[in-house]
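Notes for the one structure printed next.
The values are calculated or read from the model by the stated rules, or taken from the named source; none is laboratory data. Small disclaimer: the values here were computed from a predicted structure and weren't measured. Heads up, the Cβs are rebuilt from the backbone with ideal geometry, glycines too, and the neighbour counts pull from every protein chain shown.
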Amino acid sequence: MGETKVLQVSAQNPDSQIIEEAARILQEGGLVCFPTETVYGLGADALNPEAVRKVFAAKGRPPDNPLIVHIATDQQLLDIADVVPEKGNALAEVFWPGPLTLVMKRTILISDLVTAGLDTVAVRMPNHPVTLGLIRTFDAGVVGPSANISGKPSPTDAAHVLEDLRGKVDLILDAGPTEIGLESTVIDVTLDPPAILRTGGLTRERIEEVIGPVQVSGSAADLQRSPGTRHRHYSPRAQVILVAEGDELALTHLLKAHRQSGRKVACIAHSHSLSKLESGEFFRMLPSSADFFARYLYRTLRELDALGVEVIIVESIPEIGLGAAVMDRLRRAAAS
Ligand code: TXA
Ligand code: MG
């Protein structure tokens, strides 16, 4: 593939000519990266196996990790999901468009390539005027994994997409930084109670307000069900080490030990007590609100990678609200 075109587009008032150009590329089997409220996605025609194959190739994604199909209207759901369970329907009604992905039985229109051979399909209606406009104009489902090289933190900015996928996609729609900064919550509604397979932008608390108790995955059997969670994920190049919230002693000790071994060490913290210990080029203070921490986490990890940092020590945040998804991503990064 040749050049990657980047077009800036207003998030609130997208230029219809740009949307039409993007839809044309999808119709021709090309790849278009699009903004969402969570992270940027790598889009292709969900019903075109050649285009879907290109998505896996561009990301270097293992073929056993299925893709989310993005839709813009309730009608489009009927082409993709064979059965919409009652609780799935209730969630869609309250939270779509939004940071929630529903796993449901699939129709025969959806190929094995998209679902990695599963009999279910993941569907989401993203809450972003640019991408809703694109999918409506294209008039069919669009696969959309996060627009990063497989394993890396998801892109929260068009510049991150370009960094990972330059020359591998036809077009990037740049609508500025994403709002949430973490991926959508994935919930399997074929089960009762439904099971959260990936924590994300919609909290468990808000889901349970609508459909009552849910299960949260974690067992080996669950990992089979959510194939994506088996793979290395959300990780910067640098080694990630987690310390407890406010743990000055652990931070001091780790900084010293790693520096003595000659490594370039960075720190991401949110407590003021920790910021007194450290400052300088590789120290990043994030807001202590979980929502803001989530918004800036991936960009901070990428930024530190670009500086050639080898170790990133991260202060934990409470697992309340979006804090649960933040800590899930940080634990995965620390484990890899
Ligand atoms: O916020 C998001 O969800 C972003 C934006 C672009 O929409 N997309 C995203 O896609 O994060 P991706 O491909 O990076 O993550 C999709 C997750 C993976 O963990 C995958 O394994 C899971 O959804 N998934 C997809 N289809 C599934 C299925 N049929 N059953 C279980 N898990 C599935
Ligand atoms: Mg991803």
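Close Cβ contacts (under 8 Å, 6 or more residues apart or on different chains) running from residues in the range 93-117 that are over 19 Å from residue 185 (Cβ atoms) to residues that are of a type in the set (S, T, N, Q) and assigned to a strand (DSSP E or B) comprise 105/120; 106/120. Out of 98, 117, 60, 133, one residue alone is buried (at least 20 other Cβ atoms within 10 Å of the Cβ), more than 9 Å from ligand 1 (Cβ to nearest atom) and farther than 17 Å from residue 172 by Cα. It is 98. Quick check: is even one residue across the range 300-310 without any contact (Cβ under 8 Å) to a residue 40 or more places away in the chain and not small (Gly, Ala, Ser)? Yes, there is a match, as at least one residue in the range 300-310 is without any contact (Cβ under 8 Å) to a residue 40 or more places away in the chain and not small (Gly, Ala, Ser).
Annotation: residue 117 fulfils all but one of (1) of a type in the set (Gly, Ala, Ser); (2) closer than 30 Å to residue 299 by Cα; (3) part of a loop (DSSP other than H, G, I, E, B); the unmet one is (2). For the range 308-333, the set of residues classified as among the small types (Gly, Ala, Ser) and surrounded by fewer than 16 Cβ atoms within 10 Å (Cβ to Cβ) consists of 308 only. Filtering the range 104-113 to residues that are touching a Gly at 6+ places or on another chain (Cβ under 9 Å) and within 9 Å of ligand 1 (Cβ to nearest atom) leaves only 104.
For residue 69, the conditions (1) in contact (Cβ under 8 Å) with a residue 12 or more places away in the chain; (2) in a helix (DSSP H, G or I); (3) away from ligand 2 (no atom under 14 Å from the Cβ) are fulfilled apart from (2). Looking only at residues in the range 264-281 that are surrounded by 14 or more Cβ atoms within 10 Å (Cβ to Cβ) and charged (D, E, K, R), which one is nearest to residue 236 (Cα to Cα)? Filtering first and then ranking leaves 264. Residue selection: residue 124 fails the criterion of being at pLDDT 95 or above and away from ligand 1 (no atom under 15 Å from the Cβ). Within the set 151, 144, 228, the sole residue that is at pLDDT 95 or above, within 13 Å of ligand 1 (Cβ to nearest atom) and not aromatic (Phe, Trp, Tyr) turns out to be 144.
Within the range 162-201, being within 16 Å of ligand 2 (Cβ to nearest atom), part of a loop (DSSP other than H, G, I, E, B) and surrounded by fewer than 22 Cβ atoms within 10 Å (Cβ to Cβ) holds for one residue alone: 168. Kindly check whether there is at least one residue in the range 13-34 that is part of a loop (DSSP other than H, G, I, E, B), of a type outside the set (Phe, Trp, Tyr), more than 24 Å from residue 79 (Cα to Cα) and touching a residue at least 24 places away in the same chain (Cβ under 8 Å). Yes.
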